[in-house]
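Accompanying notes for the structure given below.
The values are calculated or read from the model by the stated rules, or taken from the named source; none is laboratory data. This structure is a prediction, so every number in the text was calculated from the model and none was measured. Reconstructed Cβ throughout: ideal geometry from the backbone, glycine too, with neighbour counts over all protein chains shown.
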Amino acid sequence: MPRHLPEYLLEALGLGLFMVVAVGAATLLEHPASPLRSAVADPVARRGLMGLAMGGTSMALVYSPIGARSGAHFNPATTAMFYRLGRVAGTDLAGYATAQVLGGIAGLRLAGLLFAPWIADPAVRYVATSPGPWGDGAAFAAEVAMTFVLMSVVLRVANDRRWSRWTGVAAGCLVALYITVEAPISGMSLNPARSLGPSLATGELDRFWIYLLAPAIGMLTAAEVYVRERGLAQVFCAKLHHHTTARCIFHCHFGEPKGP
């Protein structure tokens, strides 16, 4: 575990940066005092801009030196899925999950300093994820469905040698689409480490179970479906972007002549 500490720290840094960007974008787009909020009156259009910002941030992190070294999970559910697929060791699962949670909380704290007092405004609300008017059941089902589709796409693209370079693009495009279309249903989390900090800040922990369980269920189900269709041998690595010279700490078979 100590030898892999740099990767753990990079996972924390990546999610922390994601949280800072999320708060900054939400403040610009939703705070009543923001000129951009006044200029873009349509909430769907604002969600589209938010989707572009966060989808673009996701892509940038995957292809950045941070993501190239750590694998660009930034999500305990993603790391747990790759553990199930045999590409992540148990010690690294623990290290990654701890780093991701701490990084998400630290990123929100930093954003609180940078964007105070606007971050506490009800329109921004610490970028907390919460169920919409359709209730907890709809939010839970939506989170399961989104994570299932996202990881199904990631596994198929990342493990196809012709298309693996585009894994980050595919994931970022889905994030942008989800924020634009689905956010009113569940708040669009996909990630317990992303939702924990805002839930702590707002004191709304009673519904955190949705964002803890649903992403894990969706991703692990996607893994099971993929393994039944193609087998464990067709999971090359736990990195989302492997076309790099950065070291790989996973049970990696990316360089072996398997698959398409």
When you look at residue 126, is it of a type outside the set (Gly, Ala, Ser), touching a residue at least 24 places away in the same chain (Cβ under 8 Å) and in contact with a Pro (Cβ under 6 Å, 6 or more places away or on another chain), yes or no? yes
Top-ranked residue of region 221-260 - restricted to ones that are aliphatic (A, V, I, L, M) and assigned to a loop (DSSP other than H, G, I, E, B), ranked as modelled with the lowest pLDDT: 246
Take residue 166 and tell me if it is surrounded by fewer than 21 Cβ atoms within 10 Å (Cβ to Cβ), without any contact (Cβ under 8 Å) to a residue 24 or more places away in the chain and among the aromatic types (Phe, Trp, Tyr). yes
From the options 189, 195, residue that is crowded, with 19+ Cβ neighbours inside 10 Å, under 17 Å from residue 78 (Cα atoms) and in contact with an Asp or Glu (Cβ under 9 Å, 6 or more places away or on another chain): 189
Only one of (1) in a helix (DSSP H, G or I); (2) over 19 Å from residue 18 (Cα atoms); (3) of a type in the set (Lys, Arg) fails for residue 162. Which number is that? (1)
